[in-house]
Amino acid sequence: GVPAATLVRRAVEGETAPASRFLDALADRLTIGVASVAALLDPGCVVLGGEVGQAGGAALAARVAERLVRMSPLPTEVRASVLGGGAVVRGALLMAREAAQDELFGPPSVRQGVR
């Protein structure tokens, strides 16, 4: 089958009624998840990540944000990811590098695990 991100990208690029209905249905489903996260964590901002979030871009994020206002009393900004699918891995690598640098070059209290 066609990857989900490709379908979302085509819908965003299309100006047809079926494309709009598809994005509306996707936004409806995503909003349920976002509202659940907002209710539990009150993050202030939710990023639609991964390939689908990036493919949907601002158009999908705006649809989710519009629906979220009706579902949740908590003000929560919704944004589309611009970092791509490798962002989590890159972030983990940066954190590991920083920890290694602290271990090797930090003051003795850091090297001994005292913070």
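The values are calculated or read from the model by the stated rules, or taken from the named source; none is laboratory data. Since the model is a prediction, treat every value here as computed from it, not as a measurement. Don't worry about glycine lacking a Cβ; one is built from the backbone with ideal geometry, like all the others, and counts go over all protein chains shown. For the accessible areas, the whole protein counts, side chains as well, though only heavy atoms, and no ligand, DNA or RNA atoms are used. Shrake-Rupley method; radii C 1.70, N 1.55, O 1.52, S 1.80 Å.
Before moving on, here are some points about what is shown:
- With K and R counted +1 and D and E -1, the other residues having a Cβ less than 14 Å from that of residue 97 yield a net charge of -2.
- Over the chain, Cα pairs under 8 Å with separation of 6+ residues give a relative contact order of 24 percent.
- The local environment of residue 76, defined by Cβ-Cβ distances under 15 Å, has a net charge of +1 under the rule Lys, Arg +1 and Asp, Glu -1.
- Estimated distance in nm for a label pair at residue 96 and residue 21, the labels positioned 7 Å out from Cα along Cα-to-Cβ: 4.7
- Sum of side-chain charges, residue 33 neighbourhood, beta-carbon under 14 Å (Lys, Arg +1; Asp, Glu -1): +2
- Here residue 103 and residue 2 are evaluated by their C-beta separation; at R0 = 35 Å the FRET efficiency comes out at 0.15.
- Protein heavy-atom surface of the chain, 1.4 angstrom probe: 62% of the accessible area is carbon and sulfur, with nucleic acids and ligands not counted.
- Pairs of alpha carbons in the chain whose separation is greater than 26 Å (percent): 38
- For the chain, accessible area per residue (1.4 Å probe, heavy atoms of protein chains only), Å²: 67
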